[in-house]
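Presented below is the structure to which this report refers.
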Amino acid sequence: MSESITSVLKEDRRFEPSAEFVSRARISSREEYDRLYKESLDDPETFWRRESSELVFREPWTVTSRTKGGGEPASFPFVEWFVGAKLNVTESCLDRHVKTARRNKAAIIWEGELGATRTITYGELHRETIRFANALAEHGVKKGDRVAIYMGMVPEVAVAMLACARLGAVHTVVFGGFAADALRDRIADCQAKVVITQDGGYRRGHVLALKDVVDKAVSQPEAKSIEKVIVLKHLGDRGPQVHMHEGRDLWWHEIVSDTEAGPAREATPVDAEHPLFILYTSGSTGKPKGVLHSTAGYLVSTHVTFKYVFDIREDDLYWCTADVGWVTGHSYLVYGPLSNGATCMMYEGAPNYPDWGRFWRIIEKHRVTILYTAPTAIRAFLRQGDEWPQKSDLSSLRLLGSVGEPINPEAWMWYFDVIGQKRCPIVDTWWQTETGAIMMSTLPGASFTKPGSTGLPMFGVQPAVVAKDPAAPGGYRRVEANQGGLLILERPWPSMLRTVWGDDDRFVKQYFSEIDGRYFTGDGARCDADGYHWVVGRIDDVLNVAGHRIGTAEIESVLVSHPAVAEAAAVGKPDELKGQALVVFVTVKPGHTPNSTLAEKLGDHVSNEIGKFAKPDQIRFADALPKTRSGKIMRRLLKDVAAGRESKGDTSTLEDLSVLAKLRADEE
Ligand code: WTA
């Protein structure tokens, strides 16, 4: 991994925010951003104290950051932030608001897949959280216990998370699309005591029998740590038959009303470093990693980034479309927005149910002002054409966000022109499950955006694009502007993961050994002359084509810029002559025919845009690409298909297994 990475994407369009946007923005110039950013690095004590002043601390912190068992400030890998503080995050997310006019403000506006809507005020969310926390405590949940949450996108999932936090219990939300074995493995790894689930939920017109999956998972010996299963009645008579196991299973509504008469428990204050949650993320090999987040550092980072990146205002209706089973759903659907007193839209179902106009009708109906979604969704909408968004009034939108993958400039421009109607800045936010909060983004009123760039570092974050260099101090050097390299984070930040649950060695090896003592993100990137970052994709997705190491994202961006292409994935295939041959998988937009003429045109297009050396050796058309349940293309599986071998690794995160079978069948 010592060679450099050639960055081939040329993109120099820039878009300034409108004068109107700037005039109301929290941070309205690059100078103001630069000053704050500098302060966050030079004087973190002053910066973090001021920026967290509206949060609730029972006891203030005495040390801003330190190495665990060592000196100040913190150095990798084991760190502590805001040492000495005592707090309960729910007091920042709920209690502080109910003492003000926000008591009757909507915290969550929910829409079910079938069209029902509910509004939950801060006052109600506060009350429901306390009632449910009381019930959990009554059934044995204590500070430090692990609680698995296996639910769909219903308001009670936020109640469940907050109720755990209220008690100092550690939640682990498992995405409701995972199968029983994946749930079992996560329960076993963290030794969860309780599972909270629901009878069922809707997805694309089908009923998901969530409680059934829990039954399958907890009936296995590996999951014997589970003492209670708590079931929310969400569908009731419309849902599947639920079998309640005597002595183990409890109805949510029954335990809540049974404990109502008991004493209302106080929120449990915990130390700054007390674990808040575990979230499992899959590595490309091996078992899932339980990423562990702490209390104070996580709260402060999500609070501050949410406020500035989304430039949140009292009257915004903010919609994050991510499922609560992913980190985006934790940080920017629950903790960040609630700690800021924002109103969140929450939608239960699929983006294309009953048709591709659903998202746009939700925006029109509720007057959504901020939309935060993923490139995979944007490309899927783009593929369906402009007619769908054009049927709805999107004039309420003022800001758009993207997260999860590099957004290719083509999709960015469509998002900007057709959804944002050239009026809304786009914040392209780079971060990871491990980072807990956004690490890079443009601040929407402070500076211009560039299609495909994740912009500038957030406060307290020090990214660097580097190459290994054994002769240099630390074993690496920063590469020049516009050169590709490894993306690292040079200093600890408040919301970084504290460890991999139960496996400190894996934590150190995974994140701090590529470049000794620095956090390696696993991504390749370049930084341009304006200090804007461009993520070129995961390093394990880097291709070596004729001696040039190129990020898959860049080849894919060029392919998607062709009018016939909806999505593309580039992978390497072992080749006796060249070492690696370039194979691309392409899906086409409606109205285009996948044939050899088109393949030829696409090959020429890549040659013209990047260079002859990058011309794909093989172009394969597909109906769909294999994706994880959070929408990331699984290149590892495509690599196996391209090489004509069986896939050995874990396929539990694959959204639709039939896609893979179809790709294999297409092989001549
Ligand atoms: C990728 C999601 C480019 C990146 C919050 C990262 C991105 C991984 C972006 C983390 C972005 C996320 N531009 N790439 N704006 N956001 N990524 O843990 O490869 O699901 O390392 O966290 O997604 O994915 P995760």
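The values are calculated or read from the model by the stated rules, or taken from the named source; none is laboratory data. Please read all numbers here as calculations on a predicted model, not as lab measurements. Please note: Cβ atoms are built from the backbone with ideal geometry, for glycine as well, and neighbour counts cover all protein chains shown.
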- request: Filter region 120-149 down to residues that are in a strand (DSSP E or B) and touching a Phe, Trp or Tyr at 6+ places or on another chain (Cβ under 8 Å), then give me how many there are.
  value: 1
task: For region 518-571, name all the residues that are more than 12 Å from the ligand (Cβ to nearest atom), touching a strand residue (DSSP E or B) at 6+ places or on another chain (Cβ under 9 Å) and polar (S, T, N, Q).
output: N544
- line: Note on region 425-434: residues part of a loop (DSSP other than H, G, I, E, B) and either surrounded by fewer than 23 Cβ atoms within 10 Å (Cβ to Cβ) or near the ligand (Cβ under 8 Å from one of its atoms) (or both) are W431, Q432, T433, E434
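Can you list the strands (runs of 3 or more DSSP E) found entirely within region 170-279 that contain at least 1 residues being under 27 Å from K86 (Cα atoms)? Walk me through it before giving the result.
Values: elements: 170-173, 194-198, 201-203, 206-208, 228-232, 249-251.
Strands (runs of 3 or more DSSP E) meeting the threshold: 170-173, 194-198.
Give the residues of region 605-622 that are assigned to a helix (DSSP H, G or I) and either modelled with pLDDT of 95 or more or surrounded by 12 or more Cβ atoms within 10 Å (Cβ to Cβ) (or both), sorted by residue number. It would help to see each step written out before you state the result.
Step one: filter region 605-622 for residues assigned to a helix (DSSP H, G or I), giving 605-609, 612-614.
Hits for region 605-622 are H605, V606, S607, E609, F613, A614.
Give me a count of the residues in region 260-292 that are of a type outside the set (A, V, I, L, M), at pLDDT below 85 and more than 30 Å from P60 (Cα to Cα). Please lay out each step first, then the result.
Start the filter on region 260-292 by keeping residues that are of a type outside the set (A, V, I, L, M), which leaves 260, 262-263, 265-266, 268-269, 271, 273-275, 277, 280-290.
Okay, now just the ones that are also at pLDDT below 85, so 260, 262-263, 265, 282-288.
Narrowing the set further to residues that are more than 30 Å from P60 (Cα to Cα) leaves 260, 262, 282-288.
Matching residues across region 260-292 total 9.
Which ones in region 414-424 are away from the ligand (no atom under 16 Å from the Cβ) and outside any loop (DSSP other than H, G, I, E, B)?
Selection gives W414, D417, V418, I419.
So that you can scan it fast, the table gives a plain yes or no per residue for (1) out of contact with any Cys (no Cβ under 6 Å at 6 or more places or on another chain); (2) in contact (Cβ under 8 Å) with a residue 24 or more places away in the chain; (3) outside any strand (DSSP E or B); (4) among the charged types (D, E, K, R):
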position: S630; (1), (2), (3), (4): yes, yes, yes, no
position: R636; (1), (2), (3), (4): yes, yes, yes, yes
position: T651; (1), (2), (3), (4): yes, no, yes, no
position: A661; (1), (2), (3), (4): yes, no, yes, no
position: R664; (1), (2), (3), (4): yes, no, yes, yes
- request: Considering (1) at pLDDT 95 or above; (2) under 25 Å from the mean Cα position of the chain (by Cα), say which one L9 fails and leave the rest.
  value: (1)
statement: Note on T597: of the conditions (1) surrounded by 16 or more Cβ atoms within 10 Å (Cβ to Cβ); (2) outside any loop (DSSP other than H, G, I, E, B), unmet is (1)
query: What is the one condition in (1) more than 16 Å from the ligand (Cβ to nearest atom); (2) surrounded by 24 or more Cβ atoms within 10 Å (Cβ to Cβ) that G484 does not satisfy?
result: (1)
